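Enquirer: Quick one: this structure, given as structure tokens, is what I'll be asking you about.
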Amino acid sequence: MTTMRQEIDRWEADLGNLAATSASDSWFLEERRLAEAQHTLVAFRGHILPLLTAQPPYDAVVTEIEHLLDGLEDDRDELFRTVHSSASHQRIAETVAALRALGRVALGIQVSAADVH
């Protein structure tokens, strides 16, 4: 069974690989943000959130992550449109940054909870 730290580390490493690939292959900004959004949604909905929801101390973090993921889905869907706002690129980058921060908070809670037991 994978741990939350492994899943978050894997997600962050994959985002780093996406950034490197997008730079080396000269992706358009829309392509990079779409890939970041899609990968983040799959990682959080499929792997990270299930690990968090199984443990009560994470309720507030889970609520905020779910809210951010809902907005990220909207921004991702906006990128599929022929005409989309350039603000969606910025919102995706900001949401991914916020999810990184919340991932660190969740890992901090995990460490604190382990210290108590």
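The values are calculated or read from the model by the stated rules, or taken from the named source; none is laboratory data. Keep in mind that this is a model prediction, so the values were computed, not measured. Glycine gets a Cβ as well: all are built from the backbone with ideal geometry, and neighbour counts include every protein chain shown.
Per-residue answers, yes or no, for (1) surrounded by 16 or more Cβ atoms within 10 Å (Cβ to Cβ); (2) aliphatic (A, V, I, L, M); (3) not in a helix (DSSP H, G or I):
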position	(1), (2), (3)
Thr2	no, no, yes
Thr21	no, no, no
Ala43	yes, yes, no
Ile48	yes, yes, no
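Listed here are the residues, each with its yes/no results for (1) touching an Asp or Glu at 6+ places or on another chain (Cβ under 6 Å); (2) within 16 Å of Gly103 (Cβ to Cβ); (3) among the β-branched types (Val, Ile, Thr).
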position	(1), (2), (3)
Met4	no, yes, no
Ala13	no, yes, no
Ser26	no, no, no
Ile48	yes, yes, yes
Leu52	no, yes, no
Val61	no, yes, yes
Leu68	no, yes, no
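Enquirer: Moving on. Inspect the stretch 10-26 for any residue being out of contact with any Ser or Thr (no Cβ under 7 Å at 6 or more places or on another chain) and modelled with pLDDT under 95 and give the result as yes or no.
Expert: No; the residues of the stretch 10-26 include none that is out of contact with any Ser or Thr (no Cβ under 7 Å at 6 or more places or on another chain) and modelled with pLDDT under 95.
Enquirer: Quick check on the stretch 43-59. Is at least one of its residues of a type in the set (D, E, K, R), more than 26 Å from Ala87 (Cβ to Cβ) and either within 11 Å of the chain's Cα centre (by Cα) or modelled with pLDDT under 90 (or both)?
Expert: For the stretch 43-59, residues of a type in the set (D, E, K, R), more than 26 Å from Ala87 (Cβ to Cβ) and either within 11 Å of the chain's Cα centre (by Cα) or modelled with pLDDT under 90 (or both): present.
Enquirer: Any residue in the stretch 66-74 that is surrounded by 16 or more Cβ atoms within 10 Å (Cβ to Cβ), outside any loop (DSSP other than H, G, I, E, B) and in contact (Cβ under 8 Å) with a residue 40 or more places away in the chain?
Expert: Within the stretch 66-74 (the criterion being surrounded by 16 or more Cβ atoms within 10 Å (Cβ to Cβ), outside any loop (DSSP other than H, G, I, E, B) and in contact (Cβ under 8 Å) with a residue 40 or more places away in the chain), the answer is no, since none of the residues qualifies.
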